[in-house]
Amino acid sequence: MNDKVALHDMTLTDLSQGLRDKHFSSSELTKHFLERIEQLDPQYNSFITVTSDQAIKQAQAADERLASGNAPLLCGIPVAHKDIFCTQGVKTSCASKMLDNFVPPYNAAVVDNFEKSGAVMLGKTNMDEFAMGSSNENSFYGPVKNPWATDSVPGGSSGGSAASVAARLAPAATATDTGGSIRQPAALCGVTGLKPTYGRVSRWGMIAYASSLDQGGPITRTAEDAALMLNVMAGFDQRDSTCIDLEVPDYTKSLNNSIEGLKIGIPKEYFGEGLDPAIGAAVEGAIKQYEKMGAVISEISLPHTQLSVPAYYVIAPAEASANLSRYDGVRYGYRCENPHDLQDLYMRSRGEGFGDEVKRRILVGAYALSAGYYDAYYNKAQQVRRLVKQDYNEAFKNVDIILGPTTPSPAFKFGEKSQDPTAMYLEDIYTISANLAGLPGISLPCGNTAGKPVGLQLISDVFTEERLLNAAHQFQQHTDHHLQAPADSANV
Amino acid sequence: MQWETVIGLEVHVQLATKTKIFSGASTAFGAEPNTQACAIDLAMPGTLPVPNEEAFRYAIMFGLAIDAEIAQRSVFDRKNYFYPDLPKGYQTTQLDRPIVGAGNMEIQLSSGKTKTIRIHHAHLEEDAGKSLHEDFQGMSGIDLNRAGTPLIEIVSEPDMSNSEEAVAFAKKLHALVSSLGICDGEMSQGSMRFDVNISVRPKGQTELGTRTETKNLNSFRFMERAIALEVERQIDLIEDGGTVRQETRLYDAEKHASRSMRSKEEANDYRYFPCPDLLPVVFDEDYIEAVRATLPELPEARRDRYIEQYALSSYDAETLSGDRELSAYFEAVTQDCGDAKLAANWIMGELSASLNSAELKLANSPLNATRLAGLILRIKDGSISGKIAKQVFEIMWASNQSADEVIEAEGLKQVSDTGELAAMVDTVIANSAKQVENYRSADADKRPKMMGFFVGQIMKASKGQANPKAVNDILIEKLNKLL
């Protein structure tokens with residue numbers, strides 16, 4: 001192990017080894033990250049809540065467990081959780097005024113899994129309100145700034161998780177992805193983000209945006225770290241009826257498999273109008289790299305790609321319109337002052353408690369489901385969803401992995417798209433279809449343009465995260481894009 | 001004009017599962033408010049529903065009992081509306097793919113005829129909580145104990161044409177779900193609630209009139225009265241030149257009046273869509289057949305068996321077979337005493353009347369089947385008369401004693417000894433010179449009627465313990481000697 005590498009630059013694998021070799025303790029490691037958060041996060045705003053006291057206690061417990069031997073791999077390693085995962089006794093806001101006072105009496109399954117593995121929680125990361133957004137400008141707690149360019153967005157909705165990992169404020173973070181909310185901010189922040197297969201990670205305690213699309217996953221600096229994180233996150237949970245009861249492999253085992261002969265498909269629809277040429281060029285470079293590594297490249301077609309954005313913006317808001325009905329000011333969360341009757345209580349609590357984008361999606365969703373419009377919108381969108389899935393089924397008859405850009409452009413400036421919802425929605429054009437089809441996808445850094453990172457996306461068939469992580473890890477063994485870090489002004 | 005009425009029912013039946021349909025919270029009735037509502041029932045953020053298999057099994061049992069198709073794949077939908085006792089802001093229910101398809105049920109009418117009522121479908125759904133509008137000084141209290149209790153909603157076709165048929169159907173459903181053991185049948189606790197769709201039309205017209213829905217009736221008597229009231233209201237309205245509005249109405253049993261709750265125009269757009277938190281539920285043939293194998297004897301089969309095996313009248317058989325507890329009681333008494341007819345008479349007569357006046361349920365009867373059978377045995381073997389038996393019954397009702405103990409302790413054993421009875425008869429004849437004279441001078445065909453006086457005197461003298469048949473025989477013999 002190289003002593004010159006700072007703690008915050010080390011991967012999970014290195015940190016885990018370092019803890020076992022007693023180069024440092026979990027308490028030291030945890031304090032190091034807490035200090036960095038304290039020093040640096042005022043410029044990024046990537047955390048909503050920092051749980052310093054609890055983190056130090058958890059680190060002490062982890063140190064004892066490490067000393068006793070037999071501790072799990074992530075024991076003692078600090079991680080950050082997106083503020084969409086319920087944490088017992090710790091405010092879980094979903095970045096909404098509506099839940100600014102909400103302290104859950106239970107943990108999300110994902111949070112429990114990390115606690116059981118001995119990981120230390122640093123805090124809760126910022127996000128777009130209720131995971132609705134692609135820029136993190138929709139947070140009640142203010143936008144997160146991209147560590148590579150603080151005048152630009154980090155992407156969303158998991159902007160806080162991506163920015164905190166990019167800025168080395170956390171070695172890894174949890175996140176969720178409904179239409180690209182892990183992969184798009186990972187791309188914009190130059191980190192690795194994995195959206196697993198729908199049903200791979202329990203949604204219990206993960207606050208719902210669009211239930212049939214939401215899926216939790218990790219944001220890390222490397223594919224290997226993503227494998228370690230997924231080992232902890234994945235697994236059957238009978239509390240989530242949509243969770244699949246399928247054995248969880250050790251995702252680190254297959255990382256070093258050869259990708260000689262791996263069949264990679266390049267969808268022509270991902271390289272058309274709207275794609276920033278610099279992104280296109282970086283992705284072309286990645287394709288060449290894969291060819292060099294022995295992969296077999298071919299062009300494929302996903303003909304319904306263009307329809308996936310409109311279909312998503314019917315289905316997701318429709319589900320959200322029902323999922324968010326529980327925030328009514330009656331049992332918990334925000335309640336307006338002095339309601340004069342029930343109607344007033346509902347209207348003002350929701351009117352004052354939700355931000356504009358959330359209201360927009362609730363209205364769109366309620367409209368799409370209303371009598372007389374259901375067939376034209378919701379049913380039609382579900383038909384498109386099946387066509388999108390069919391596109392992938394066809395493609396996977398011929399290729400193992402589909403490769404393309406994660407986003408059409410690099411991180412954009414604050415305010416650039418926030419007044420134009422349609423432009424903002426097109427940010428997710430390459431990521432949304434994997435959610436509609438329930439497929440796993442990973443974004444990893446593959447270059448940069450004008451100092452901003454570019455993300456490469458790999459998508460594979462359901463429950464083949466091993467293949468994705470293997471292909472991503474092999475890429476990272478031969479390239480150094482993932483090792484680039486934004487300028488660091490910290491003293492620690 | 002002659003009018004005819006068309007009635008259809010929607011019946012909410014609370015399933016007697018131990019826990020809720022999508023959570024592990026208890027469904028027991030009567031707990032302190034909000035003590036049986038877990039994070040899922042409270043719709044806390046991030047919680048998810050997990051289906052309760054028992055609820056599905058109960059729904060399938062119902063479906064099999066009405067000879068309905070069971071959907072091998074059924075889907076849950078969300079019905080969206082805001083109300084404080086609906087924590088998620090939507091009810092999880094089934095719209096297009098209910099678990100139980102079309103079936104039918106036969107009802108018996110007082111005319112002796114039977115009629116088949118078709119059932120459109122039955123679906124599974126969750127109950128809402130309760131809003132408490134009293135005792136909170138201008139505010140409402142919310143009790144979420146009931147939220148998430150499993151229900152099946154049974155929807156009939158509009159096959160009933162008067163309140164008798166509707167009530168017969170409702171009672172039949174009650175008997176069926178109680179017999180199946182899928183519902184506790186406690187109407188007063190809201191375990192069964194009826195929505196009645198009513199329309200009227202000129203006799204002979206095929207087109208249906210505009211219907212109204214009277215919601216949430218929870219007793220057969222209220223249902224009968226509410227139907228009568230609504231039919232009268234609609235006919236009066238039309239005869240006065242008005243038209244019936246499609247609307248939902250509420251019946252106030254205390255005032256025997258109904259009022260409009262909301263019109264069709266004011267009805268919610270529920271924005272139904274498939275619930276993305278629940279996958280379609282799939283049952284294979286084997287599962288359904290395994291459930292079929294667990295079905296208990298159904299009331300109709302039991303009724304037929306009572307007629308066949310015990311030679312009961314169809315009225316007695318119908319009454320005793322309808323309720324599982326009652327039929328079990330009846331069969332236990334019959335087995336112990338060996339006389340189904342006497343058992344039926346005593347259960348439907350004395351026992352039922354005593355339970356009613358004490359406002360007790362059969363389960364809490366002070367007199368169990370064994371003790372009642374003991375009483376009937378003494379009637380059968382002539383130890384006591386039917387009249388004395390009623391006295392014995394009353395003492396048994398208020399004590400733990402067996403029939404034999406009561407008879408012994410009170411000295412109520414019937415006197416059948418002819419010597420003893422002959423002495424009593426002689427005394428009565430000797431003390432009734434006038435009546436004896438009348439008897440002698442009367443026409444022969446009038447004499448049997450006049451016997452009553454003497455029998456009465458003897459029963460009185462014996463404190464009711466004289467064996468009436470023996471008394472009769474001795475009396476005739478002695479009086480005839482005087483002729």
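What follows draws every value from the coordinates through simple rules; no lab data is involved. Since this is a predicted model, take the numbers as computed values, not measurements. A quick note on method: Cβ atoms are made from the backbone with ideal geometry, for glycine too, and the neighbour counts reach across all protein chains shown.
Note on A:D461, A:D356: ascending count of other Cβ atoms within 10 Å places them as A:D356, A:D461, the fewest first.
So if the hydrodynamic radius of the stretch B:422-483 is defined as the Kirkwood radius over C-alpha pairs, what does Stokes-Einstein give as its diffusion coefficient at 37 °C and 0.692 mPa s, in µm² per second? Approximately 283 µm²/s, per Stokes-Einstein.
Couplings 3J(HN,Hα) for the stretch A:19-24, derived from phi with the Karplus relation 6.51 cos²θ - 1.76 cosθ + 1.60 (θ = phi - 60°), are 5, 5, 7, 6, 5, 7 Hz, where x marks Gly and Pro.
The magnitude of the dipole of the stretch A:160-232, with charges of +1 and -1 set on the Cβ of Lys/Arg and Asp/Glu and taken from the Cα centre, is near 20 debye.
With a simple spin-label model that places each label point 7 Å from the Cα along the Cα-to-Cβ direction, the separation between A:Y367 and A:D420 comes to 2.0 nm. Tell me whether the stretch A:68-172 comes out rounded, prolate or oblate; compute the Cα gyration tensor, take square roots of the eigenvalues as a ≥ b ≥ c, and use a/c under 1.5 as the rounded threshold. Here the stretch A:68-172 falls in the oblate category.
Over chain A, DSSP H runs of length four or greater, each weighted -39,500 (n - 2.57), average out per residue to a 222 nm ellipticity of -11500 deg cm²/dmol. Select from chain B the helices, each a whole stretch of DSSP H, whose alpha-carbon atoms run 24 Å or more along the helix axis and whose Kyte-Doolittle mean is at least 0.0; answer none if there are none. Length and hydropathy pass: B:163-180, B:220-239.
Scanning residues 5 or more positions from A:G447 or on other chains, those with amide H under 5 Å from its amide H are A:V454, with H placed 1.01 Å from N in the peptide plane.
Since only A:Y392, A:G205, A:T406 are under comparison, the one whose Cα sits farthest along the positive direction of the charge dipole of chain A, derived from C-beta charges on Lys, Arg, Asp and Glu, is A:G205.
Between B:R221 and B:A353, the modelled labels are 1.9 nm apart [label points 7 Å from Cα along Cα→Cβ]. Protection proxy ranking, highest mean first, for peptides A:321-334, B:359-372, A:129-142, A:214-227: A:214-227, A:129-142, A:321-334, B:359-372, where packing is the per-residue count of other beta-carbon atoms within 10 Å, averaged.
Working note: 222 nm ellipticity from helices only, DSSP H runs with n ≥ 4, each -39,500 (n - 2.57), summed and divided by the residues of chain B, gives -12500 deg cm²/dmol to the nearest 500.
In this Cβ point-charge picture (+1 for Lys and Arg, -1 for Asp and Glu), the protein assembly as shown has a dipole of about 960 debye about its Cα centre. Taken over chain A, the ratio of Cα radius of gyration to 2.2 N^0.38 Å equals 0.91. Counting Cβ atoms of other protein chains within 10 Å of each Cβ in B:76-84 and taking the mean gives 4. A full extension of the chain between B:M450 and B:S131 corresponds to an added length of 108.0 nm, given 0.36 nm per residue minus the alpha carbon distance. Between B:D269 and B:N34, the modelled labels are 3.4 nm apart [label points 7 Å from Cα along Cα→Cβ].
Across peptide A:201-209, the mean count of Cβ atoms from other chains lying within 10 Å of each residue's own Cβ comes to 3. Farthest towards the positive end of the charge dipole of the stretch A:305-385, among the residues A:G351, A:S308, A:A371, is the Cα of A:S308, using unit charges on the Cβ of Lys, Arg, Asp and Glu. Each residue of the stretch A:164-176 was assigned a 3J(HN,Hα) from its phi angle through the Karplus curve 6.51 cos²θ - 1.76 cosθ + 1.60 (θ = phi - 60°); the sequence is 5, 6, 4, 7, 6, 8, 8, x, 7, 9, 8, 7, 9 Hz, with glycine and proline shown as x.
Shape analysis of chain B based on the Cα gyration tensor places the equivalent ellipsoid semi-axes at 57, 28, 22 Å, largest first.
In whole Å, how far is the Cα centre of the stretch B:379-437 from that of the stretch A:336-392? After rounding, the separation between the Cα centres reads 81 Å.
Of the residues B:G30, B:A332, B:I40, the one whose Cα sits farthest towards the positive end of the charge dipole of the protein assembly as shown is B:A332 (charges of +1 on Lys and Arg Cβ, -1 on Asp and Glu Cβ, taken about the Cα centre). Restricting the calculation to Cα atoms, the stretch B:353-483 yields a radius of gyration followed by a Dmax of 18.6, 58 Å. Put in order of Cβ neighbour count within 10 Å, fewest first, the listed residues B:Y81, A:Y270 become B:Y81, A:Y270. Dipole magnitude for the stretch A:305-385: about 240 debye, using +1 per Lys or Arg Cβ and -1 per Asp or Glu Cβ, origin at the Cα centre.
FRET efficiency for the pair A:H478 and A:D250, taken as 1/(1 + (r/R0)^6) with r the Cβ-Cβ distance and R0 = 25 Å, rounds to 0.60. By the count of neighbouring beta-carbon atoms within 10 Å, fewest first, B:C38, A:C189 end up ordered B:C38, A:C189.
Averaged over the residues of B:266-272, the number of partner chain Cβ atoms lying within 10 Å of the residue Cβ comes to 4.
Of the trypsin sites (Lys or Arg not before Pro) in the stretch B:143-235, the ones in a loop by DSSP (not H, G, I, E or B) with at most 16 other beta carbons within 10 Å are B:K203. When the inverse distances between all different Cα atoms of the stretch A:305-385 are averaged and flipped, the Kirkwood radius reads 13.7 angstrom.
Shape analysis of the stretch B:83-145 places it in the oblate category; the axes a ≥ b ≥ c from the Cα gyration tensor give an a/c of at least 1.5, with a/b not above b/c.
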